[in-house]
Amino acid sequence: MKNITKSTNLFSRASKYIPGGVNSPVRSFGSVGGNPIFIEKAKGAYLHDEDGNAYIDLINSWGPMILGHNRTEVVEAIKDRTDQAISFGTPTRYEVEMAELICEIANIDMIRLVCSGTEACMSAIRLARAYTGKNKFIKFDGCYHGHSDAFLVSAGSGVASLNIKNVSGITAGAIQDTIVAPYNNLEALETILEKQANEIAAIIIEPVAGNMGCVLPKEGYLEAIKVLCTKYNCLLIFDEVMTGFRLTIGGVQQLKNVQPDLVTYGKVIGGGLPIGAFGGKKEIMKQIAPSGSVYQAGTLSGNPIAISAGYANLKILKDTPEIYANLEEKAIYLKENLTEVFNKNDIKHCINQIGSMMSVHFGVDEVYDFDSSKKSDINTFNKYFHHLLENGIHLPPSSFESWFISDAISLKELDIIVNVSASFKL
Ligand code: PLP
């Protein structure tokens with residue numbers, strides 16, 4: 001058994017002062033059981049814990065570390081910026097450069113920088129309400145758009161992992177404003193729209209879902225949603241907080257060639273520092289204060305240090321487009337080899353993968369929405385998680401989360417993951 005004494009002691013200290021011992025529920029081992037590992041430092045493909053153990057990292061800070069940990073260019077950019085700027089609360093050149101870069105890559109007119117994906121998504125909904133004059137919105141079962149009240153109805157990610165049926169503290173009003181549709185089911189969506197379109201401001205979707213495991217949109221699904229949005233006069237919001245600049249440089253909107261009215265970002269655009277953004281067409285975005293009356297603000301929005309890391313991250317991704325093909329090749333290699341070892345060991349499973357995102361569900365043949373994800377064998381996943389952890393591989397601690405491959409992971413690490421998985425028996 002690995003020595004995790006320091007992690008265990010830190011967790012009991014943390015539990016005294018921090019609810020559940022963690023500052024975000026997804027970090028707890030509430031779903032898989034046991035004691036979360038406290039990480040001291042990381043480099044490249046590896047996390048290093050307080051007890052001196054190393055782990056191949058498939059969490060990658062839940063997405064931002066697409067280049068691996070502490071990539072030199074990103075670290076240097078942060079150090080350089082810190083010499084000149086920490087926070088001013090005034091406009092900066094850095095924000096302008098960042099906005100230009102994102103708008104150019106994402107093919108959008110305007111962008112507002114915020115501090116998290118949650119802020120980006122909740123602000124996009126407010127803007128959609130103002131623009132359409134309607135109050136409700138549609139989200140999909142198992143999608144996660146941050147922890148703002150109205151998004152926590154039928155949410156994936158930590159809400160699903162911890163099996164919280166009804167999140168407390170949310171008003172009936174917020175719940176009534178959220179209409180939930182099953183993912184990948186066009187008929188159900190159209191039925192809702194036929195009845196309620198006059199109340200629905202927007203449809204928000206993870207265009208590739210990553211918060212119920214990795215779930216791909218069926219062929220033509222996103223295109224059809226776009227057509228429905230136009231028909232029923234509601235805005236289409238792609239939540240690309242996870243997929244933006246990860247699946248391709250231009251995200252799912254580029255991959256599927258579907259342009260939403262608004263798009264939200266986070267994670268990769270901050271290179272590991274706190275950031276989020278929402279953007280889209282000028283005629284919609286100009287309604288935001290101070291040019292319009294949709295109030296949205298933030299003391300640390302567009303923070304110079306966060307932008308330095310994010311800008312460096314995006315520049316590398318933009319200037320080395322082959323990264324995306326390499327990432328995909330690695331993910332496919334992992335998927336194919338895991339499939340082989342699970343089959344050899346008679347372990348029924350389903351691996352969904354797209355670009356550098358993937359997830360493994362046990363005991364099921366396919367996962368295409370929240371219900372099919374919930375049918376997977378969580379006990380086997382939990383055993384598999386601990387088998388890997390014990391052997392120096394850190395997966396996200398829930399089958400409702402996606403694994404993220406980073407550029408720093410090489411064939412050597414992939415083979416270790418496959419070999420350790422080969423020794424996993426039911
Ligand atoms: N949207 C998606 C798709 C996410 O995956 C997340 C976080 O995991 C969010 C929004 C919320 O982002 P944040 O945690 O930065 O508030």
For the stretch 253-320, with every protein chain kept in place, what is the accessible area per residue (1.4 Å probe, Å²)? 38 Å²
Which one of 103, 214, 115 has the biggest mean-square fluctuation once the chain is modelled by GNM with Cα springs under 10 Å? 103
Checking the cross-link filter: which aspartates and glutamates have an alpha carbon closer than 16 Å to that of residue 231, excluding same-chain neighbours under 8 positions apart? 187, 190, 194, 199, 223, 261
Overall form of the stretch 21-179 per C-alpha gyration tensor (a/c, 1.5; a/b vs b/c): oblate
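For the stretch 247-294, report the translational diffusion coefficient in µm²/s to the nearest whole number, using Stokes-Einstein at 25 °C, 0.890 mPa s, and a Kirkwood Rh over Cα pairs.
Details: Rh = 12.3 Å.
Diffusion coefficient, whole number: 200 µm²/s.
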Mean 1/r over all different Cα pairs, inverted: what Kirkwood radius does the chain give, in Å? 22.0 Å
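Can you check how the C-alpha radius of gyration of the stretch 277-319 compares to 2.2 N^0.38 Å, as a plain ratio?
Compared with the compact-globule rule of thumb, the stretch 277-319 sits at 1.48.
Among all stretches of the chain without exposed chymotrypsin sites (Phe, Trp or Tyr not before Pro) (DSSP loop, at most 15 other Cβ atoms within 10 Å), which one is longest?
For chymotrypsin sites (Phe, Trp or Tyr not before Pro) (loop position, at most 15 other Cβ atoms within 10 Å), the longest site-free span of the chain is 89-294.
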Hypothetical label at residue 318: residues of the stretch 81-125 whose amide nitrogen lies under 17 Å (7 Å Cα-Cβ projection): 93-113
Restricting to Cα pairs under 8 Å and 6 or more apart, the percent relative contact order of the chain works out to 22 percent
Average accessible surface area per residue within the stretch 41-111, 1.4 Å rolling probe, Å²: 49 Å²
Expressed per residue, the solvent accessible area of the stretch 360-402 in Å² (1.4 Å probe) is about 35 Å²
In whole percent, how big is the carbon plus sulfur part of the accessible area of the stretch 339-426, probe 1.4 Å, protein atoms only? 46 percent
Exposed GluC sites (Glu not before Pro) absent: longest stretch of the chain, with sites in DSSP loops and at most 16 other Cβ within 10 Å deemed exposed: 1-218
Rounded D (µm²/s) - the stretch 350-426, Kirkwood Rh over Cα pairs, Stokes-Einstein at 4 °C, 1.567 mPa s: 99 µm²/s
Hull volume per residue for the stretch 131-175, using the convex hull of the C-alpha atoms, in Å³ is 80 Å³
Would you list which aspartates and glutamates come within 13 Å of residue 425, measuring only between C-alpha atoms, while excluding same-chain residues fewer than 8 positions from it? 346
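If you take every DSSP beta bridge whose two residues both sit in the chain, what share of them, in percent to the nearest 5, is antiparallel?
60 percent
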Base-10 log of normalised Debye intensity for the stretch 218-300 (one unit scatterer per alpha-carbon) at q = 0.18, 0.21, 0.23, 0.25 Å⁻¹: -0.87, -1.07, -1.16, -1.23
Once both label points are put 7 Å beyond Cα along the C-beta direction, the residue 293-residue 348 separation in nm becomes 5.8 nm
Share of the stretch 231-325's accessible area from carbon and sulfur, percent, 1.4 Å? 54 percent
Among the lysines, which fall within straight-line cross-link reach of residue 16, defined as a Cα-Cα distance under 21 Å, with same-chain neighbours fewer than 8 residues apart omitted? 6
The stretch 272-426, relative contact order [Cα under 8 Å, separation at least 6], %: 20 percent
Range in the chain, longest, excluding exposed trypsin sites (Lys or Arg not before Pro) [loop by DSSP; at most 16 other beta-carbon atoms within 10 Å]: 3-164
Net charge (Lys, Arg +1; Asp, Glu -1) of residues whose beta-carbon lies under 13 Å from that of residue 388, residue 388 excluded, is -1
Using distinct alpha-carbon pairs, which all enter the 1/r mean, Kirkwood radius of the stretch 1-87 in Å: 14.8 Å
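The values are calculated or read from the model by the stated rules, or taken from the named source; none is laboratory data. Keep in mind that this is a model prediction, so the values were computed, not measured. All Cβ positions, glycine included, derive from the backbone under ideal geometry; neighbour counts span all protein chains shown. Ligands, DNA and RNA are excluded from the accessible area calculation, which covers all protein heavy atoms including side chains. Shrake-Rupley method; radii C 1.70, N 1.55, O 1.52, S 1.80 Å.
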